[in-house]
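Rule-based calculations on the coordinates, nothing more; no lab input. Every value quoted in this text rests on a predicted model; they were computed, and no experiment measured them. Every residue, glycine among them, receives a Cβ derived from its backbone with ideal geometry; neighbour counts consider all protein chains shown.
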Amino acid sequence: MGIWERFTTMFRSNINDLISRAENPEKMLNTLILDMKSQLAKAKQQAASAIADEKKLQADAEAMKKSAEDWERRAMLAVQEGRDDLATQALMRYNESLQGAQQLHETWVRHKAETEKLKGSLRGLHDKIEEAKRKKNILVARAKRAEAQQRIHETMAGMSDKSAFETFERMAERIEDVERKALAAAELQEEFQGDSLVDQFQALEYKGTADQQLLDLKVKMGMLEAGGDEAAKQLGTGEDDVVDADVVGEEVGDGPTDDA
């Protein structure tokens, strides 16, 4: 597994862990961005090491190629000097160095392609982190709106539950039924234990009291004078009837006296 694959696997694992235990979206996003920056910093360090390795491979390949060129030059010198034996050994070293230089060059080319891919991925990740930072506020607002909608739905769902209201209505009906039964029992007790004659006199006394209250009200309103004749008539004292009876009696008594 290459450097970038290891980094991607580790990064996705951290993201999934954050999402699975996220409670506060804003806090989770801030933590996620910080984690992304931390992972990016680590990836940059690894990429720098990979680039350094790539540079070393390039230098080793060039050094091996130069070594092959040196052995080829020595072989040519030995031939010029008539030392075929030295020329043969120099050519053997030349072939080894040339083969090693070719292998190092191929390795360097493959490693260089990987490091270029890694650098491109790092640039893409950096751009995504910057984009995430710009979108964070929008995502936080959306998360808060979603939470508010969820609370509204939960509240409405609770309000639609009629069980508590139905229980309240049944309790109110039960109390009213008990009150009606209590009134009926009191009425029956009064019916069988009361004295009708006493009740009739109490009604008359109440009426008299009402008449007196009416007379007092008229006096208070100025319609009658307090203690006047009209008030006496309203009270029904009967004083005028007594006076008329005395006059009639005197007249009856004087009759025989005149005849005498």
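Details
- Selection count, segment 87-104, where residues are under 29 Å from Ala48 (Cβ atoms) and either surrounded by fewer than 17 Cβ atoms within 10 Å (Cβ to Cβ) or of a type in the set (A, V, I, L, M, F, W, C) (or both): 4
- Residue within segment 108-121 that is among the aliphatic types (A, V, I, L, M) and touching a Lys or Arg at 6+ places or on another chain (Cβ under 9 Å) present: no
- If the condition is being loosely packed, with under 12 Cβ neighbours inside 10 Å and among the β-branched types (Val, Ile, Thr), then segment 111-156 contributes Ile138, Ile152, Thr155.
- Candidates in segment 75-86 are the residues that are surrounded by fewer than 17 Cβ atoms within 10 Å (Cβ to Cβ) and assigned to a helix (DSSP H, G or I); of these, the one that is nearest to the chain's Cα centre (by Cα) is Met76.
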